[in-house]
1. Counting other Cβ atoms within 10 Å, which GluC sites (Glu not before Pro) in segment 111-189 have at most 16 and lie in a DSSP loop?
2. Can you list the trypsin sites (Lys or Arg not before Pro) in segment 113-222 that are in a DSSP coil and have 13 or fewer other beta carbons within 10 angstrom?
3. Can you tell me what the convex hull of the Cα atoms of segment 144-205 projects to on average, as an area in nm²?
4. Compute the relative contact order of segment 85-232 as a whole-number percentage, counting only Cα pairs closer than 8 Å that sit 6 or more residues apart in sequence.
5. If you add up the charges near Val137, with Lys and Arg at +1 and Asp and Glu at -1, over every other residue whose beta carbon is less than 11 angstrom from its beta carbon, what do you get?
6. Hey, got a sec? Which trypsin sites (Lys or Arg not before Pro) in segment 77-146 land in a DSSP loop and have at most 10 other Cβ atoms within 10 Å?
Amino acid sequence: MSKYRKPGTGTPKPEDPLTREDAFVARTVEVTHWAQRNRSLVTLGAVVAALGAAALMYYRDYRETLTATAAAQLEELQQRREMGDLEGVQADLELYLERFSGTPFADEARVALAQISADQGNYDAAAEVLEPIAGDVDDPLGAQAAVLLAAVSEDAGRATLAEDLYERLADRAELDFQVRDALAQGARLREARGDLEGALELYDRLLAEMDEVDPERGLIEMRRAEVAAQVR
């Protein structure tokens, strides 16, 4: 055995339990004396902690109440919309977004407001409302907003933007029907601008997504054949 040992590698000397107990008692007495000398600070700390806990509880209750109110008011607005009160609902949805921004129902209200604006032919207003959420196509509601924004963009003459949105949806949307619809719309836009090979690519992807017994499969196969004939 080597007679040399690195510093600190020797066998540690056992610590006396009484020594540890004495140190704990001494520390406790020290803390107690400090608290007695600084009683005002201790009291202030307790008050601050209590106020913080109360504020946290208040904020939690406030958020729960706000969310419940947002849900109830959005349901009422949707009922009024179904009854045909479009102008009144449009104005109230704008106020709704100001009041309930940040709640889980605000994005749903955005889509509803954009649909009303698009139906009125106000495509710029619809796009402005949709843009904050249309980028998140991984979320089903974000994907719904992107689909509507693509349609609005095409109607406004911005076909390139619409095609880009459909491509993003085809690559990232979570729901199968959203992917299939995006592929079909993207193929249609590529065909319209003369990119027939690009349209064929999307039709092939669409057919790969469809079941053999899908009732719409025959229509897509026919459309693909027509485009393929033009390429030849």
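1. On the way: sites: Glu128, Glu154, Glu163, Glu167, Glu174; in loops: Glu174.
Loop-located and lightly packed - Glu174.
2. Details: sites: Arg158, Arg168, Arg172, Arg180, Arg188, Arg190, Arg193, Arg205, Arg217; in loops: Arg158, Arg193.
Listed in order of number, the matching sites are Arg193.
3. Details: hull surface 14.6 nm².
Computing the convex hull of the Cα atoms and averaging its projections yields 3.6 nm².
4. Numbers: 169 pairs, mean separation 18.7, N = 148.
Relative contact order, segment 85-232: 13 percent.
5. Numbers: positive: Arg168, Arg172; negative: Asp136, Asp138, Asp139, Glu167, Asp171, Glu174.
Computed value for this residue: -4.
6. Values: sites: Arg80, Arg81, Arg99, Arg110; in loops: none.
Here no loop site has a sparse enough neighbourhood.
No lab work stands behind these numbers, since they all come straight from the coordinates. Worth saying up front: this structure is predicted, and the values here are computed from it rather than measured. Note: ideal-geometry Cβ built from the backbone for every residue, glycine included; neighbour counts use all protein chains shown.
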